[in-house]
Amino acid sequence: MRAAAVRAAAVCGALVLLAGCTSADGPTAAPEPGAGCPVTERAAPDPDRPVVDLDLRLADDRRTVTGTETVVLTPDLPVEDLWFRLVPNAPQSAGHRLTVEAVRGDLVAGGGYVDAGAAPGTPGGLYRVDLREPVPAGRTVTVELDLRLRLTDEWTPAGFDRLGAADDVTWWGSGVPLLTWEPGHGWGRDPMVEVSGETTAAPAADTTLHISAPGDLVVLMSGDQAPPREEPGGRRVWESHDPVARDVAVAVGEFDTATVDVGGTRVTAGVLAGADTSAEELAEATAEAVRALEGRFGPFPYPTLAVPLVSDDGGGEEYSSAILMGDADEDLLVHEVAHMWFYGMVGNSQFRDPWLDEAFATYAQGHGDTDDLDRAGAVGGSMADFADQDEYEALVYGKGAAALAAAREAAGEQAFDAAVRCYVESQAWTIARPEDLARALQGLEPALDVLVEAGALGRQDVEAAGD
Ligand SMILES: [Zn+2]
């Protein structure tokens, strides 16, 4: 289904020249691109991207996940070791515990935790795998990590978290060591900071999941899921494949589910007994968000989207082709669905450039209050650059969305939308940087001026884009 969606976009790109393709023509209509970005076709994922296999088992206690992660990496730069992120910076995740029990591989010499600012008493924020010898660019390294994830519901986190457990559901996003490789640049070894947000910079990887779970539970997760198969002991194994996953989410619970097809995407929503909404309503609301955003940003990036509503603590977390919802709020749903383009498909370092996904996801909601532009402080910068949570959210989300809306106003809606669409299609499945956005906006000086003024883009980004 992905290939079909990409083809449709390309066809419409060609039609632009012949008959004009406006947004009224439907979700595949691509506005004519600007001078700085002549691309109309979505970039294909790197054929040499990592391959990840996750073989995991949720124990009958519903609180312990064990299994093996196999990672096949062909780095495009020489490497001396491999780095994984254990805790992607949610300070509230400290009550849960992810450990690496063993590490294997032909070139593997051992491994160890690296503190990287993790909470005292926890294993560490990062895990380093030592290699017997340096590995040149282009040589393939295979590593197997035996892992154990222990989830707690005894300790109440400060708000919705990517990891959690309750009587009728267990969920984990970023629940396994995440390869922090940024093609063309190397390892992301960012420290944990006080501000709560994501800090991953993971490449899109060809990912397969196998989840063994108690037989009376339903699994909703990233990727295109096959029907479950029975396993001895009254368990079932659920499998899925996402060929371009940066990070995956898995929810296992007593879900009632509903499915809706929208465009080339199958949406599956799941709710628990007593939820504020039905599975049908959640699936429909998600499909509506997909439909609306396809009209602005092009075909939905994935053939499937899983939306488990796992809690009512409020909030949501985006993963590749899956969204963990802690709230059935429809405005929040639009934000998380927008992350499928901005984070899922157009990746970014969430530590170094959090605004590239959060400002765009907030802008996609239609939020962009011009009053926010007057707030002092820069939209851009790393997660370490913000004094506290309030400042981080006000500048990255609020002022960031306002700056994008003002840039659109300044450049003209059609030209700006075409440039953003081109940014999306040309940076698909990469880890984008601010200069890539600046490149797509070349020729739209009024928009660039607004974004520089707001401290979203730096002058150096604009200059780098012109090189
Ligand atoms: Zn967000």
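For the range 405-412, 3J(HN,Hα) computed residue by residue from phi via the Karplus equation (6.51, -1.76, 1.60; θ = phi - 60°) reads 5, 5, 5, 5, 4, 5, 8, x Hz, glycine and proline entered as x.
With kT/(6 pi eta Rh) evaluated at 10 °C and eta = 1.306 mPa s, and Rh the Kirkwood radius from Cα pairs, the range 243-319 diffuses with a coefficient of 120 µm²/s according to Stokes-Einstein.
Whole-Hz Karplus values for the range 199-208 come out as 9, 8, 9, 10, x, 4, 10, 6, 10, 10 Hz, taken residue by residue from phi with 6.51 cos²θ - 1.76 cosθ + 1.60 and θ = phi - 60°; glycine and proline positions read x.
Please report the antiparallel percentage of the DSSP beta bridges confined to the chain, to the nearest 5. Before the final figure, lay out each step's value.
Details: 79 of 96 bridges.
Bridges in the chain that DSSP calls antiparallel: roughly 80 percent.
Database remark: amide H of Ala322 closer than 5 angstrom to the amide H of Ala306 (H placed geometrically; neighbours at sequence offset of 5 or more, or on other chains; Pro and chain starts carry no H).
Could you run the Debye sum over the Cα atoms of the range 258-416, one equal point scatterer each and no solvent, and tell me log10 of I(q)/I(0) at q = 0.08, 0.17 Å⁻¹, two decimals? Calculated log10 I(q)/I(0) at the listed q: -0.24, -1.00. Relative to the longest principal axis of the Cα atoms of the chain, helix 413-426 runs at roughly 40 degrees.
Shown here: the range 173-324, whose C-alpha atoms stretch 44, 43, 32 Å along the first, second and third principal axes, sorted largest to smallest.
Think of the range 339-467 as having a plus end and a minus end, set by charges on the Cβ of Lys, Arg, Asp and Glu; of Thr370, Ala454, Ala411, Ala411 sits farthest toward the positive end of this dipole. Find the relative contact order for the range 346-466 and round it to a whole percent, using C-alpha pairs within less than 8 Å whose residues are 6+ positions apart. Once divided by the residue count of the range 346-466, the mean separation gives 32 percent.
Largest first and in whole Å, what are the equivalent-ellipsoid semi-axes of the range 138-213 based on the Cα gyration tensor, each being the root of 5 times an eigenvalue? Don't skip to the answer; put the middle values down first.
Numbers: eigenvalues 148, 71, 20 Å².
Those come to 27, 19, 10 Å.
Principal axis extents of the Cα atoms in the range 346-466, from largest to smallest and rounded to whole angstrom, are 34, 28, 26. The angle separating the long axis of helix 355-364 from the principal Cα axis of greatest extent in the chain is about 70 degrees. In this simple spin-label approximation, Glu144 and His185 carry label points 7 Å from Cα along the Cα→Cβ vector, and these lie 3.3 nm apart.
From the alpha carbon centroid of the range 115-182 to that of the range 389-467 is 32 Å. Expressed as an acute angle from 0 to 90° and rounded to the nearest 10, what is the orientation of the C-alpha long axis of helix 2-18 relative to the principal long axis of the chain? Result, in degrees: 0. Divide the volume of the convex hull around the Cα atoms of the chain by the residue count and you get 134 Å³ per residue.
At the listed q of 0.31 Å⁻¹, the Debye profile of the range 268-311, built from one uniform point per Cα, gives log10 I(q)/I(0) equal to -1.09.
Relative contact order, whole percent, for the chain stands at 16, derived from Cα pairs under 8 Å and 6 or more residues apart. Taking each DSSP H run with n ≥ 4 as -39500 (n - 2.57) and averaging over every residue of the chain yields -7000 deg cm²/dmol at 222 nm.
Bear in mind that the values in this text are calculations on the coordinates, not laboratory data. All values derive from a computational prediction rather than experimental measurement. All Cβ positions, glycine included, derive from the backbone under ideal geometry; neighbour counts span all protein chains shown.
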